[in-house]
Amino acid sequence: MGMPKAMVDRKKCLSCGGCISVCPQDALSMEGMKALVEDDKCISCAICIRICPVGAISGEVYS
Ligand code: SF4
Ligand code: SF4
């Protein structure tokens, strides 16, 4: 079983791109104008969760 990964709530995402620029794993990209996490790249560091201005990113390990 792998680590819980970051997850983007597409309804909350404002497409600001902030999370994409800070992810050390390049695991985030824009998909249909919303941020998307590639699970196989995400190391659950939570940097994107802290940077998102609208709290659109969550992950079990950080709750
Ligand atoms: S938790 Fe870390 S590795 Fe995973 S998507 Fe967010 S910034 Fe990238
Ligand atoms: S930082 Fe938040 S609002 Fe901005 S693109 Fe990422 S998930 Fe969307």
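No lab work stands behind these numbers, since they all come straight from the coordinates. Given the structure is predicted, the values throughout are model-derived calculations rather than measurements. Cβ coordinates were reconstructed from backbone atoms using ideal geometry, including for glycine residues, and neighbour counts include every protein chain displayed.
A few remarks follow.
- Think of it this way: in the chain, Cys13, Cys16, Cys23, Cys42, Cys45, Cys52 stand alone, with no other Cys Cβ under 4.7 Å.
- Loop trypsin sites (Lys or Arg not before Pro), region 6-63 (other Cβ atoms within 10 Å of the site Cβ: 11 or fewer; DSSP): Lys11
- Mean separation of Cα contacts under 8 Å, 6 or more apart, over the residue count of the chain: relative contact order %: 44
- Space enclosed by the convex hull of the alpha-carbon atoms of the chain, per residue, Å³: 77
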